[in-house]
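Here's the structure, in structure tokens; my notes come after.
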Amino acid sequence: MLDPIIDLVNDRTPLFAPWGRIVVIVGLFAAAWLVSRLAAVFARHLLAWHERRHADGEAELSTRVARVKRRETSVGIVRTTIGYAAFSAALVVSLGQLIGGVDRLAAIAGGVFAVLVGVYIAQRVLVDLIAGFAMFVERWFSVGDTIVVLANHELQGVVEDMSLRRTRLRAVNGEVINVHNSQITAVRVLPSGVKELALELFVNDPSAGVELVESVRGLVPEGPTTFVKQPWIEHVEELSDALVRIRVRLSIAPGREWLAEGFVPDLLKEKAAPGLIVHGPVTLAVDDRATRSFARASVATRWVARRAEQAQAAA
């Protein structure tokens, strides 16, 4: 494309090959720099003319300063954009001259682009496969488990399908969620598949408190996507003559925690006689395995503390 210009430089000047080609390439980049500068000047004058045409003579100083800032920002964006485009064009044409023509450059560029796209796709797929294989070998979860996935967002549902590349969840509202395995940073597994909660209620009359809970039990919805089974009274403890603690167990589908945290407490407060409820209701998470683990940890901590106290007393 630039061969006639290169031949002209070589024939009409003291330069000889390959200096004529080098001079033309340098001229291309100089022209690109000049284009970027001229674009900035043109954009500045055009924006200034537009502002004068639509200017408000009574505008405040802060408004005029803001306009100047916007104008300078626009000029900078226009200058850099056109400059990048001009220098990119100069680079492409120069490479075409160095390797034997623009057609050959286009063929090489197309091949390189295809290779880069293939490498990128293969990299993403490979990362997903490695992550899926690691989760499968380490048994993070299985099909049918109820899990909470910590990806870009917290996702919750039942595992419907799992491959080395992606994991598919079914949310409690019926939505199907597909997650790339490489996007899964952590997983919380619900061992029983339901959310086990406890609701504690403090009343001043044990019989009236139990009757209150029994009356609310029949009002809550029961099903696989709400309360897996009706709430039941786990424990009644008389703390004093005027204070009784009632512990109610709740088994709820994951994602419906609001039923235990808002719906049931509101029902209890609404149905309770005036003055019956002293404190609560308070909703707590419950897990028997966690209780045993923390019990062992607390025993070990107390044992270490006791040994330290004995050693200090002996010293």
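Suppose we filter the stretch 151-175 for residues that are under 23 Å from Val127 (Cβ atoms) and either assigned to a loop (DSSP other than H, G, I, E, B) or out of contact with any strand residue (DSSP E or B) (no Cβ under 9 Å at 6 or more places or on another chain) (or both); how many remain?
Number of matching residues: 6.
When Ala305 is evaluated against the numbered criteria (1) small (Gly, Ala, Ser); (2) within 29 Å of Val148 (Cα to Cα); (3) modelled with pLDDT under 85, which criterion, by number, is the only one it fails?
(2)
Could you please let me know if Val244 is in the same structural domain as Val264 (by TED's automatic domain parsing), part of a strand (DSSP E or B), touching a Phe, Trp or Tyr at 6+ places or on another chain (Cβ under 8 Å) and more than 30 Å from Ile147 (Cβ to Cβ)?
Considered against the rule, which asks whether it is in the same structural domain as Val264 (by TED's automatic domain parsing), part of a strand (DSSP E or B), touching a Phe, Trp or Tyr at 6+ places or on another chain (Cβ under 8 Å) and more than 30 Å from Ile147 (Cβ to Cβ), Val244 comes out as yes.
Could you give me the residue pairs with C-beta distances under 6 Å whose first residue belongs to the stretch 161-183 and is modelled with pLDDT under 85, whose second residue is outside any loop (DSSP other than H, G, I, E, B) and acidic (Asp, Glu) wherever it lies, and which are 6+ apart or on separate chains?
Arg165/Asp128
Residues in the stretch 252-266: is at least one in contact with a helix residue (DSSP H, G or I) (Cβ under 6 Å, 6 or more places away or on another chain), free of Cβ contacts under 8 Å to residues at least 60 places away in the same chain, crowded, with 17+ Cβ neighbours inside 10 Å and closer than 25 Å to Gly174 by Cβ?
Yes.
Select, from Val220, Val194, the only residue that is under 30 Å from the mean Cα position of the chain (by Cα) and surrounded by 17 or more Cβ atoms within 10 Å (Cβ to Cβ).
From the options Val220, Val194, the qualifying one is Val194.
For the stretch 290-299, indicate whether the set of residues that are more than 41 Å from the chain's Cα centre (by Cα) and modelled with pLDDT under 80 is non-empty.
Scanning the stretch 290-299, I find no residue that is more than 41 Å from the chain's Cα centre (by Cα) and modelled with pLDDT under 80, so the answer is no.
Return the residue satisfying two criteria in turn: it lies in the stretch 225-271 and is closer than 24 Å to Val158 by Cβ and among the basic types (Lys, Arg), and of such residues it is nearest to the chain's Cα centre (by Cα).
The residue in question is Arg256.
The values are calculated or read from the model by the stated rules, or taken from the named source; none is laboratory data. Predicted model, so just to flag it, every value in this text is computed and none were measured. Neighbour counts run over all protein chains shown; Cβ positions are idealised from the backbone, glycine included.
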